[in-house]
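A.B. asks: The structure follows.
The values are calculated or read from the model by the stated rules, or taken from the named source; none is laboratory data. All figures in this text were calculated on a predicted structure; none of them were measured in a lab. Cβ: placed from backbone, ideal geometry, glycine included. Neighbour counts: every protein chain shown. For accessibility, only protein heavy atoms count, side chains too; no ligands or nucleic acids. Shrake-Rupley method; radii C 1.70, N 1.55, O 1.52, S 1.80 Å.
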Amino acid sequence: MKAILLSVMCLLAPLFASASIPLNEKKALVNLYYATDGEHWNIPWDLNSPVEHWHGVTISDDHVVALNLPSNNLKGELPASISELRYLKVLNLASNRLGGTIPRSIGTLRDLTSLELFLNEFVGFLPVEIGNLDQLEFLSLYHNKFKGNIPSTFVNLTKLEILQLGRNRFSGYFPKQLCNLKNLEHLSLHDNEFEGDLPVELGELSNLEELIITNNKFTGYLPTSIGDLNKLNIFMVNKNNFNKEYYSFQDHMPKGYLSLETEPATVITDHN
């Protein structure tokens, strides 16, 4: 009798696991599915199967903690109900055909450590609520159609290690608030419309290994504080409006780089 009962319990376990997922989280996933033309995804969901079997969905402790749907032919707009996935740590919707603006409700996903929306068709201004995501370590928004200034609330993203904002339509001066993100290792702002001088505070990013600002409208001279970035091994700087010609380098900063008048030996010309 005990053996039969144990067998029945094993058979029903998946049903119990599925039933324990909060209804609001399942509804949020279904909303995403219909809002992004789920029937035509490369790998669509079977909405009649348990959520834990849906492609790209990771569940832990009866909550959705990761949603990985890159290159899956999502098109449409990201619904505001994405905020119901409050336990998400990873949201990767990169390399799709998503458009519209990022909903302000995304700022409620306070457990996010990784947000990847690159290679889509998002437009408009970044919501200031992104600054609420103070657990973020990786934020990649490159190759969209975002515009305007970087929100001042980015100063709160103190755990960020990688920030990729290249190939958009951002404008204004260098976002000085980023100079407070002491854990930054990779910062790319290339192919935008930033202008003005670079701030001396850049030299405070002591963990910075890559700084990519190619193809903007920066002017003036590079601040000498850049010479304090001992870990900097990739610096992409060409195609700007500086008062003198600076060259990009890789592997390490050439000795006396800021005073060089000629092209150093270790040169790269652009960033793809």
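A.B. asks: How large is the dipole of segment 178-238 about the Cα centre if only Lys and Arg carry +1 and Asp and Glu carry -1, each at its Cβ, rounded to the nearest 20 debye?
C.D. replies: Working: 3 positive and 10 negative charges, 18 e Å.
Here the size comes out at about 80 debye.
A.B. asks: Of all DSSP beta bridges in the chain, what percent run antiparallel (nearest 5)?
C.D. replies: On the way: 8 of 45 bridges.
Percentage antiparallel, nearest 5: 20.
A.B. asks: Considering only protein heavy atoms and a 1.4 Å probe, what is the carbon-and-sulfur percentage of the accessible area of the chain? Could you put the intermediate results ahead of the total?
C.D. replies: Details: 6620 of 13060 Å².
About 51 percent, which is the carbon plus sulfur part of the accessible surface.
A.B. asks: Leu47 label point, 7 Å along Cα→Cβ, cut-off 20 Å on backbone N: hits in segment 70-95?
C.D. replies: 72-85
A.B. asks: Given an 8 Å cut-off on Cα distances and at least 6 residues of separation, report the relative contact order of the chain as a percent. Each step should come with its number before you reach the end.
C.D. replies: Numbers: 666 pairs, mean separation 23.9, N = 272.
It rounds to 9 percent for the chain.
A.B. asks: Same structure again: Please give me the summed charge of the neighbours of Asn42: other residues whose Cβ is under 13 Å from its Cβ, Lys and Arg +1, Asp and Glu -1.
C.D. replies: 0
A.B. asks: Quick one: putting +1 on the C-beta of Lys and Arg, -1 on the C-beta of Asp and Glu, what dipole do you get for the chain around its Cα centre, in Debye to the nearest 20? Display every interim value, and only then the final one.
C.D. replies: Working: 21 positive and 31 negative charges, 99 e Å.
Charge dipole, the chain, about its Cα centre: 480 debye, nearest 20.
A.B. asks: Assuming R0 = 25 Å, what is the FRET efficiency of Val123 and Lys176, from their Cβ-Cβ distance, to the nearest 0.05? Working shown, then result.
C.D. replies: Working: r = 25 Å, r/R0 = 1.00.
Once rounded, the FRET efficiency stands at 0.50.
A.B. asks: I would also like to ask the following. Can you list residues whose amide H is under 5 Å from Phe194's amide H, if they're 5+ apart or on another chain and H is modeled 1.01 Å from N?
C.D. replies: When sequence neighbours closer than 5 places are left aside, the close amide H contacts are Lys217.
A.B. asks: So, one more: Using only DSSP helix segments of four residues or longer, with each worth -39500 (n - 2.57), what per-residue ellipticity at 222 nm results for the chain after dividing by its residue count and rounding to 500?
C.D. replies: Working: 2 runs with 31 residues, N = 272.
Roughly -4000 deg cm²/dmol at 222 nm, from the helical runs in the chain.
A.B. asks: Please identify the chymotrypsin sites (Phe, Trp or Tyr not before Pro) of segment 122-184 that satisfy two criteria: DSSP loop assignment and at most 16 other Cβ atoms within 10 Å. Which are they?
C.D. replies: Values: sites: Phe122, Phe125, Phe138, Tyr142, Phe146, Phe154, Phe170, Tyr173; in loops: Phe125, Tyr142.
Answer by residue number: Phe125.
A.B. asks: Taking the Cβ of Met253 as the centre, find all other residues whose Cβ is under 14 Å away and add up their charges (Lys, Arg: +1; Asp, Glu: -1). Please report the intermediate quantities before stating the final value.
C.D. replies: Working: positive: Lys231, Lys255; negative: Glu209, Glu210, Asp228, Asp251.
Net charge in that neighbourhood comes out at -2.
A.B. asks: Can I ask one more? If you count only protein heavy atoms with a 1.4 Å probe, what accessible area per residue comes out for the chain, rounded to a whole Å²? Intermediate values should be presented prior to the final figure.
C.D. replies: Working: 13060 Å² over 272 residues.
Dividing the accessible area of the chain by its residue count gives 48 Å².
A.B. asks: While we're here: Let me spell out the model: positive unit charges on the Cβ of Lys and Arg, negative unit charges on the Cβ of Asp and Glu, origin at the Cα centre of segment 45-197. What dipole size does that give, in debye rounded to 20?
C.D. replies: Working: 13 positive and 18 negative charges, 76 e Å.
Charge dipole of segment 45-197: 360 debye, to the nearest 20.
A.B. asks: Structure shown: which of Lys89/Lys176; Lys89/Lys182; Lys145/Lys231 lie over 25 Å apart, alpha-carbon to alpha-carbon?
C.D. replies: Long pairs (Cα-Cα over 25 Å): Lys89/Lys176; Lys145/Lys231.
A.B. asks: So between Asn183 and Tyr34, what do we pick up on full extension, going 0.36 nm a residue minus the alpha carbon distance?
C.D. replies: On the way: separation 149, 0.36 × 149 = 53.64 nm, distance 3.78 nm.
49.9 nm is the gain from fully extending Asn183 to Tyr34.
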